[in-house]
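The values are calculated or read from the model by the stated rules, or taken from the named source; none is laboratory data. Model, not experiment: these values are computed from the prediction. Cβ placement follows ideal geometry from the backbone for every residue including glycine, while neighbour counts extend to all protein chains displayed. Note: accessible area is taken over every heavy atom of the protein model, side chains too, but ligands, DNA and RNA are not part of it. Shrake-Rupley method; radii C 1.70, N 1.55, O 1.52, S 1.80 Å.
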Amino acid sequence: MLHLDDAARLRALDAGRMLDLVADLPRQLRAGWELAMRASLPREWNASAFDAIVIAGMGGSAIGASLAAALTEGECPIPVVVVRDYALPAFARGPRTLVIGSSYSGETEETLEAFETARKRGCALAAMATGGRLAEQAMEWEVPFFPIEPVGQPRAALGYSFSILLGLLHRLGLIPDAGTAIEETAALLTADAGQMAPEVPVARNPAKRMAGQLIGRIPIIFGSGPLAEVARRWKTQINENAKAMAVFEALPEADHNTIVGTEFPPELLTHLIALFLTAPSDHPRNALRTRITRELFMRRGVNTDLFVGRGESRIAQAFSLILLGDFISVYLALAYQIDPAPVQVITELKARLAAGG
């Protein structure tokens, strides 16, 4: 195991510069919002133009959509549905459904099939990508296209994928102006990133400390409301960056099943750690559930920890936790002495799919 206070060694192992890409999140949030604000949209696109919005994406290209949908659920008057598959829902047909293809590479096969289906069904279309076939289709079909700046791995472009979609919802008149919240969030994250930089020692670096607690353990990450999607982000970042197993759960649903599964096999319970994500904007009953659920896990002998989102807006509270989770996942990878960036198993899987097995 690598000592996380060896900043030079950390930088050397991090060949894909994932630490820098994580710290780039606040800049991306601002840049994505500005891109959405200046994008050219059809004149007829307004608050009454659509009955539903469907965002098709996978993995790192879908999490921004899930966060945008979750954080605007109480404001947006029409459903925003995220599809992580090849097929669109049956209701997605005709010009009153807007389908947005989201693929960092522009080559994600599930997203391309869903996007092509949307075109055949006569849906309104938009797309976001760094290039690839999705960008080519958007230009050929003359639909709004949001170019994402290439930054490395898809999961490292969350700031763009989230704030572009948030800005588009505002441009359509479906949610209030979130510019102030984006600026608050970016400023908060800039300060937080400085506190979690590799040069900051473990004693004063919350991300390094938590990464040390995850070594040899499988985390179960809990969140309620929009923080369920933040818990998903923690899970997927630990999977992809640290190449480690992790699970996420949503409250209150987990209180109707998951809390019962803490008896067997007893010899594995010491290898689990339950992490609870909370924020001042949590529903009061979910805040109470979080406290009680944590106590129940502790009673079963499971290690636990709790993290509180910071900031005034719900966006800031969610993204302060996202930044922390991103840094934790990278430091966990480096503690295991691996480069966080490559995802070789996914590359192999895609190659085998392309070859037919």
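Could you give me the residue pairs with C-beta distances under 8 Å whose first residue belongs to the range 331-357 and is of a type in the set (Val, Ile, Thr), whose second residue is open to solvent by 60 Å² or more (accessible area, probe 1.4 Å) wherever it lies, and which are 6+ apart or on separate chains? Matching pairs, first to second residue: 338/243.
Collect the residues in the range 28-60 that are over 22 Å from residue 176 (Cα atoms) and open to solvent by 10 Å² or more (accessible area, probe 1.4 Å), keeping them in residue-number order. Can you show your working first?
If we filter the range 28-60 for residues that are over 22 Å from residue 176 (Cα atoms), which is where we start, we get 56-60.
58, 59, 60 - these are the residues of the range 28-60 that are over 22 Å from residue 176 (Cα atoms) and open to solvent by 10 Å² or more (accessible area, probe 1.4 Å).
For the range 282-322, the set of residues classified as open to solvent by 70 Å² or more (accessible area, probe 1.4 Å), not in a helix (DSSP H, G or I) and not aliphatic (A, V, I, L, M) consists of 283, 300, 310, 312, listed by residue number. Can you name the number of the only condition in (1) of a type in the set (Gly, Ala, Ser); (2) modelled with pLDDT under 95; (3) at positive phi that residue 132 fails? Every listed condition holds for residue 132 apart from (2). For the range 185-207, check the following and say yes or no: at least one residue is within 14 Å of the chain's Cα centre (by Cα) and either among the polar types (S, T, N, Q) or closer than 27 Å to residue 313 by Cβ (or both). Scanning the range 185-207 turns up no residue that is within 14 Å of the chain's Cα centre (by Cα) and either among the polar types (S, T, N, Q) or closer than 27 Å to residue 313 by Cβ (or both). Check the range 245-252 and report whether any residue there is in a strand (DSSP E or B), under 25 Å from residue 4 (Cβ atoms), open to solvent by 10 Å² or more (accessible area, probe 1.4 Å) and in contact (Cβ under 8 Å) with a residue 40 or more places away in the chain. No; the residues of the range 245-252 include none that is in a strand (DSSP E or B), under 25 Å from residue 4 (Cβ atoms), open to solvent by 10 Å² or more (accessible area, probe 1.4 Å) and in contact (Cβ under 8 Å) with a residue 40 or more places away in the chain. One residue stands out among those in the range 191-223 that are without any contact (Cβ under 8 Å) to a residue 12 or more places away in the chain and among the small types (Gly, Ala, Ser): the one that is most open to solvent (accessible area, probe 1.4 Å), which is 203. Just for the range 1-27: of the residues that are outside any helix (DSSP H, G or I) and either in contact with a Ser or Thr (Cβ under 6 Å, 6 or more places away or on another chain) or of a type in the set (A, V, I, L, M) (or both), which one is most open to solvent (accessible area, probe 1.4 Å)? This residue is 1. Go through the residues of the range 130-150 one by one and say whether even a single one is touching a Gly at 6+ places or on another chain (Cβ under 7 Å), within 29 Å of residue 329 (Cα to Cα), buried (at least 24 other Cβ atoms within 10 Å of the Cβ) and touching a residue at least 24 places away in the same chain (Cβ under 8 Å). Looking through the range 130-150, none of the residues is touching a Gly at 6+ places or on another chain (Cβ under 7 Å), within 29 Å of residue 329 (Cα to Cα), buried (at least 24 other Cβ atoms within 10 Å of the Cβ) and touching a residue at least 24 places away in the same chain (Cβ under 8 Å). Yes or no: the range 84-94 includes at least one residue that is more than 21 Å from residue 48 (Cα to Cα) and crowded, with 20+ Cβ neighbours inside 10 Å. Checked against the condition, which is being more than 21 Å from residue 48 (Cα to Cα) and crowded, with 20+ Cβ neighbours inside 10 Å, the range 84-94 yields at least one hit. Only residues that are among the small types (Gly, Ala, Ser), open to solvent by 50 Å² or more (accessible area, probe 1.4 Å) and within 20 Å of the chain's Cα centre (by Cα) were counted in the range 338-357, giving 0.
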